[in-house]
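Since the structure comes first, as structure tokens, the remarks are kept for the end.
Values quoted throughout were computed directly from the atomic coordinates according to the rules given, and no laboratory measurement underlies them. Computed from a predicted model, the values in this text were never measured in an experiment.
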Ligand SMILES: Nc1nc2c(ncn2[C@@H]2O[C@H](COP(=O)(O)OP(=O)(O)OP(=O)(O)O)[C@@H](O)[C@H]2O)c(=O)[nH]1
Ligand SMILES: [Mg+2]
């Protein structure tokens, strides 16, 4: 009844026809560079181009032991580089196929020369992500784990790195498997009921199905909800610092970064362009954006900056609106109050070290129930309170651990949404006592959509698309 659409290789079987090669390290000057060869002829090829101490071949050393020697051009025995090479024997390798890695000097020339020699001697250039694709097709990891490899490599924040590591270790895959098992149990109940269509069995079956469907619904929904967090952990909380000129916006950026990134002067209109930086506060990544002070201006450059700042407001996760406590509220301040209405926003009243001119009550009356914090950035006061509030607004003091399963991949989120619709349809049918065999289609679709996340039920073209986004050599 339930079949896989992708052909995956059997345990221990090396079915890839070609032996592939790629430079596994990043281009540039480095201590070492690694050329990686994978497939059934890997050892044979390296035996032709590698010569160890006392003329020993790599195949004469034990697998997983480094062999010292030279890569040579077999045509004229000319040495190409002094290297360490290691042979990893199938199936205990990254791809489950034979792999040889050559550690050579890390400049662009040695790695390229070795790559060329390997190509001349029978390997072909690996496609993007082909090593990991083989690991998937050979059944060492599932698709969600393969995607985690790519996310791990491209992680920009500690949190997204940890999310990917958890996914690589099978956190998400196990959860998906649990939910799919429940769907399978539902299908089994339906089969029994169709085979023995007595009334009482059908009644029991409806109750059981309702229970399972509800559990599945709750679990899928929880995963979908986590994707908001996933996006933030991956890309950072997009935070815009907004305010009229000279209130201390750039000073705030510098204080949060703990470095003098933006120019700060007492001339209003100092910042004219948008300045973006990443910071991590209590493990939570923020993409923080300093903007030009909002005011009407005839200066063309400054005006573009002001317009850019206004544009950013709609795409922000959070706004920090800064006001100057040493000055009366002005028209510009009221414009800003207007701009932040209905937005996720913290109000910062800065320059508390100076004589007070601002009527805070006026601010409170106008901004509504937004959180208000006072600060003196030059004296380092209030920054801690602000940092705490920033994190609390998004995570309410929750610390994320490695055990939390967080969806951070759009493909997964979309499949979960489809699976949720399927189970909702099934739940509605159960409520309406629709004949039991009609439920089967929805539940099966739910099971299949979930299976697409781990790659159990997926087509070849989707797989090709996913791996084409990998880097070469992984
Ligand atoms: N006394 C006092 N001065 C401050 C404080 N914060 C910033 N300043 C000063 O206020 C002036 C303006 O600071 P900036 O950070 O450049 O202000 P800004 O909002 O980025 O200004 P624009 O880029 O022109 O929009 C500088 O002279 C800062 O040193 C504070 O808490 N107290
Ligand atoms: Mg500035």
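What fraction of the DSSP beta bridges in the stretch 21-132 is antiparallel, stated in percent and rounded to the nearest 5?
Here the antiparallel bridges make up roughly 95 percent for the stretch 21-132.
Could you work out the pair-distance distribution P(r) of the stretch 20-138 from its alpha-carbon pairs, with 10 angstrom bin width and percents rounded to whole numbers?
P(r) over the stretch 20-138, rounded to whole percents: 15, 50, 32, 4.
Express the relative contact order of the stretch 20-138 as a whole percentage, based on alpha carbon pairs under 8 Å and six or more residues apart in sequence.
33
Give me the one-decimal Kirkwood hydrodynamic radius in Å for the stretch 235-395, with the sum taken over alpha-carbon pairs.
15.5
Per DSSP H run of n ≥ 4, the term is -39500 (n - 2.57); total these for the chain, divide by its residue number, and report the mean residue ellipticity at 222 nm rounded to 500 deg cm²/dmol.
Only helices count here, giving -14500 deg cm²/dmol.
Taking just the C-alpha trace of the stretch 126-224, give me its Rg and Dmax in Å.
19.2, 60
How long, wide and thick is the chain, going by the Cα atoms along their three principal axes, in whole angstroms, largest first?
For the chain, the Cα spread along each principal axis is 83, 82, 35 Å.
Report the antiparallel proportion of the DSSP beta bridges in the chain as a percent, rounded to a multiple of 5.
So the antiparallel bridges amount to about 60 percent of the total.
Which angle between 0 and 90 degrees, to the nearest 10, do you get for helix 171-195 versus the longest principal axis of the chain when only C-alpha atoms count?
Helix 171-195 sits roughly 70 degrees off the main axis of the chain.
Express the relative contact order of the chain as a whole percentage, based on alpha carbon pairs under 8 Å and six or more residues apart in sequence.
Rounded, it is 17 percent for the chain.
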